[in-house]
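J.: Sharing a structure, written as structure tokens. Questions coming.
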Amino acid sequence: MTGEFAIVVKNLSYTYKANTPLASSALHDINLEISKGQFVAIIGQTGSGKSTFVQHLNGLIPTSAGHIWIDGEDIGAKGYNLKNLRHKVGLVFQYPEHQVFEETVFADIAFGPKNQGYSGAELERKVQRAMELVKLDFAEFKDRSPLELSGGQLRRVAIAGVLAMEPSIMILDEPTAGLDPQTRDEILEQIGRLHAETGITVLLVSHSMEDVARLADLVVVFNQGRIALEGSPRELFQHEAELTALGLGVPEVVRVMLGLKAKGVEVDTRVLSVPEAAEEIIRRWRKDA
């Protein structure tokens, strides 16, 4: 399992509290291939298996049925080094207080690289670079306590702590949960910019169809522990009925265009933004005129 794929998943299943009266099946025969450098959105209702799936990818949940290859290596193989895996696959949890724990911002971001063996000037370089990537001024924030930070700043510290280890894959599990709209948009803009600048593979767990449309190359829809749909945003959001039945829906701009098409207006419904929709409506108007 080598070549162009960052992640290959074959026949992955998982049951919580297996072999007990409380057994609960969470994943059923998941098969997925993610290319290197791809931006993938993982969507689905609460309880659909999204978080269980992504926690398998960096070994937080061990593989018990099926296989996962990361950069061509089977992470469930006997003797596989999970410590190296967690340096390669960075995971940012939904709430940063789950992973921000040191006395200063510098110490928190430096925690991962220190465990990788870095120290001195090289360690400081890694921390400073990570802070630059998330737009945190090094001089202003390095000595501050995480307890003094806003929610948005905490998210940046959590993301920087993962970036400082220079992973080839970054997983973000609802990274904007609980943030105000402006801070939420800033964090998502930074995630998109990080992907463009670094070329790392990104997996974003999200409930927002608008965010998915704006950022993702590939969308994977989970439902009841299975992959229900998969495709590019332009392809996937044409399946409004199926997505609505799964409790998800489509971006508002796509809904408007699908509504126009249903009323007999021959527009291209594969738009993903308001400017694209406006351009398509004007094109159709000029053609009719």
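J.: So, in segment 268-289, of the ones that are over 30 Å from the mean Cα position of the chain (by Cα) and among the hydrophobic types (A, V, I, L, M, F, W, C), which residue ends up modelled with the lowest pLDDT?
T.: ALA289
J.: Residue by residue through segment 82-101, note down the ones that are of a type outside the set (A, V, I, L, M, F, W, C) and modelled with pLDDT under 90.
T.: LYS83, ASN84, ARG86, HIS87, GLN94, TYR95, PRO96, GLU97, HIS98, GLN99
Table: residues versus (1) within 24 Å of VAL9 (Cβ to Cβ); (2) in contact with a helix residue (DSSP H, G or I) (Cβ under 6 Å, 6 or more places away or on another chain); (3) not assigned by TED's automatic domain parsing to the domain that holds VAL9.
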| site | (1), (2), (3) |
| --- | --- |
| PHE222 | yes, yes, no |
| ILE227 | yes, no, no |
| GLU230 | yes, no, no |
| LEU258 | no, yes, yes |
| ALA262 | no, no, yes |
| GLU276 | no, no, yes |
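J.: Just to be sure before I move on: is ALA41 buried (at least 22 other Cβ atoms within 10 Å of the Cβ), over 23 Å from ALA18 (Cβ atoms) and out of contact with any Phe, Trp or Tyr (no Cβ under 8 Å at 6 or more places or on another chain) in the structure I sent?
T.: yes
J.: Answer yes if at least one residue in segment 228-245 is under 23 Å from ILE171 (Cβ atoms), in contact with a Gly (Cβ under 7 Å, 6 or more places away or on another chain) and of a type outside the set (A, V, I, L, M), and no otherwise.
T.: No - not one qualifying residue is present in segment 228-245.
J.: Please verify whether THR201 is in contact with a strand residue (DSSP E or B) (Cβ under 6 Å, 6 or more places away or on another chain) and more than 20 Å from LEU27 (Cα to Cα), treating the condition exactly as stated.
T.: When the stated conditions are applied, THR201 passes them.
J.: Additional query: With the structure loaded, tell me whether LEU32 is at pLDDT 95 or above, in contact with a Phe, Trp or Tyr (Cβ under 8 Å, 6 or more places away or on another chain) and assigned by TED's automatic domain parsing to the domain that holds ASP211 or whether it fails that test.
T.: No; evaluated as a whole, the condition is false for this residue.
J.: Among helices (runs of 4 or more DSSP H) lying entirely in segment 17-121, which contain 3 or more residues that are under 23 Å from LEU163 (Cα atoms) and either out of contact with any strand residue (DSSP E or B) (no Cβ under 9 Å at 6 or more places or on another chain) or without any contact (Cβ under 8 Å) to a residue 12 or more places away in the chain (or both)?
T.: Helices (runs of 4 or more DSSP H) meeting the threshold: 82-88, 105-115.
J.: Here's a follow-up. Among the residues of segment 144-175, count how many are without any contact (Cβ under 8 Å) to a residue 24 or more places away in the chain and either under 14 Å from VAL89 (Cα atoms) or under 18 Å from the mean Cα position of the chain (by Cα) (or both).
T.: The total comes to 0.
J.: Which of the residues spanning segment 268-284 are loosely packed, with under 15 Cβ neighbours inside 10 Å and touching a residue at least 24 places away in the same chain (Cβ under 8 Å)?
T.: SER273
For (1) of a type in the set (Phe, Trp, Tyr); (2) under 23 Å from the mean Cα position of the chain (by Cα), each residue gets a yes or a no:
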{"position": "TYR14", "(1), (2)": "yes, yes"}
{"position": "SER35", "(1), (2)": "no, yes"}
{"position": "GLY49", "(1), (2)": "no, yes"}
{"position": "GLN55", "(1), (2)": "no, yes"}
{"position": "ALA65", "(1), (2)": "no, no"}
{"position": "ARG86", "(1), (2)": "no, yes"}
{"position": "VAL92", "(1), (2)": "no, yes"}
{"position": "PHE111", "(1), (2)": "yes, yes"}
{"position": "GLY120", "(1), (2)": "no, no"}
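The values are calculated or read from the model by the stated rules, or taken from the named source; none is laboratory data. It should be emphasised that the depicted structure is a prediction, and the values quoted were computed from it without experimental measurement. As a convention, Cβ positions derive from the backbone with ideal geometry for all residues, glycine included, and neighbour counts pool all protein chains shown.
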